[in-house]
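The values are calculated or read from the model by the stated rules, or taken from the named source; none is laboratory data. A quick note: this is a predicted structure, and the numbers were derived from the prediction, not measured. No Cβ is skipped: glycine too gets one built from the backbone with ideal geometry, and neighbour counts run over all protein chains shown.
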Amino acid sequence: MARPRVRSQSLTQSQPTVATTCANTSTGETKPAKSTAFLSWTPSTRIRVLGWYIVLLAAAIVFGLFIQRSILLAQLNDEVEAQLGQEIRELEQLTGGRNPNTGEPFAGNVTAIFDTFLSRNIPVEGEALFTLVGGQPYASTVTPVQLLDDPAVVREWTAVETTTRSELDTSSGRVRYIAVPILFEEQVTGVFVVAIFLEEKRDDVDSVLQTGAIVYGSIFVVVSAAAWFIAGHTLRPIRLLTRAARRINDTNWSERIPVRGGR
């Protein structure tokens, strides 16, 4: 009778220990499992594919806008140079012609040359014409900034002895100009200046780019949304196959993967 009593006490004392150990083991295994699952999360194939697509598309749009800006600025530079050259050619033709008021050659009458030219030519937007006679400001067309009021600019232009192309900074932005001296008997009697205010023209370029950015951005959003749904529809069979493969194990061989469509 003593042996069964000893066994009964031993079993009674061991049961709480086993139960406690299982509970602790169960509690200890559950928490790390959740934490590990969270830390080991990886984006789905759909997200990875679409993510790379969005990155490449955005980079292509930004690069395209950069290239477009470079092309527009190059075209603007060509237009400015052509505009300056045209005014100078017209001045050369007029200088070698006759005074419309007298019918006689200008013969070095620089004031008559300038008066005739300014009365016949209307500058385009962003363009201005300036003239100097005897080292002093003479006349000009309407301009965003009256450069003849700047003594430093006047000194620079009156010192011109050959055709000079250059740029200067003004309160209205960068200005590109070409200054042509008028010679009579090997003496500089006047200076004719054609100036282009580049800021206005560059603002036009920036306006075109802003419009393009809005259009491209809208297309980017629409195409990305469409790509999200298309990727989901395309990858759906793979997603179903992956889920079914995960459910199949050693005790569950009844799982079947549905196949749709003909051969």
Checklist entry - Identify, please: which residue in the stretch 153-166 is loosely packed, with under 15 Cβ neighbours inside 10 Å, touching a residue at least 24 places away in the same chain (Cβ under 8 Å) and in contact with a helix residue (DSSP H, G or I) (Cβ under 9 Å, 6 or more places away or on another chain) and is, among those, farthest from residue 136 (Cα to Cα)? => result 165
Checklist entry - Would it be correct to say that residue 38 is part of a helix (DSSP H, G or I), out of contact with any helix residue (DSSP H, G or I) (no Cβ under 9 Å at 6 or more places or on another chain), modelled with pLDDT of 70 or more and exposed (fewer than 12 other Cβ atoms within 10 Å of the Cβ)? => result no
Item to check | Which listed residue, of 134, 126, is over 12 Å from residue 193 (Cα atoms) and surrounded by fewer than 19 Cβ atoms within 10 Å (Cβ to Cβ) | outcome: 134
Checklist entry - Being under 25 Å from residue 158 (Cβ atoms) and assigned to a helix (DSSP H, G or I), is that true of even one residue in the stretch 55-70? => result no
Checklist outcome for this item: Those residues of the stretch 122-139 which are within 22 Å of residue 79 (Cα to Cα) and in contact with a strand residue (DSSP E or B) (Cβ under 7 Å, 6 or more places away or on another chain) amount to 123, 126, 127, 128, 129, 130
Next on the checklist: Looking at 194, 145, 175, 188, can you tell me which residue is at pLDDT below 90, touching a strand residue (DSSP E or B) at 6+ places or on another chain (Cβ under 7 Å) and in a strand (DSSP E or B)?
Outcome noted: 188
Next on the checklist: What's the total number of residues in the stretch 108-122 that are in contact (Cβ under 8 Å) with a residue 24 or more places away in the chain and either buried (at least 16 other Cβ atoms within 10 Å of the Cβ) or part of a loop (DSSP other than H, G, I, E, B) (or both)?
Outcome noted: 7
Checklist entry - Within the stretch 58-92, can you find the residues that are crowded, with 16+ Cβ neighbours inside 10 Å and polar (S, T, N, Q)? => result 68, 83
Checklist outcome for this item: When the stretch 78-100 is checked residue by residue, the ones that are closer than 14 Å to residue 110 by Cα, assigned to a helix (DSSP H, G or I) and in contact (Cβ under 8 Å) with a residue 12 or more places away in the chain are 91, 94, 95
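Here's the yes/no breakdown for (1) aliphatic (A, V, I, L, M); (2) farther than 30 Å from residue 106 by Cβ; (3) within 28 Å of the chain's Cα centre (by Cα); (4) surrounded by fewer than 13 Cβ atoms within 10 Å (Cβ to Cβ):
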site	(1), (2), (3), (4)
174	no, yes, yes, no
188	yes, no, no, no
194	yes, no, no, no
227	yes, yes, yes, no
232	no, yes, no, no
Next on the checklist: Quick check on residue 142: is it under 18 Å from residue 87 (Cβ atoms), loosely packed, with under 11 Cβ neighbours inside 10 Å and among the aliphatic types (A, V, I, L, M)?
Outcome noted: yes
Item to check | One residue from 95, 170 being more than 34 Å from the chain's Cα centre (by Cα) and crowded, with 16+ Cβ neighbours inside 10 Å | outcome: 95
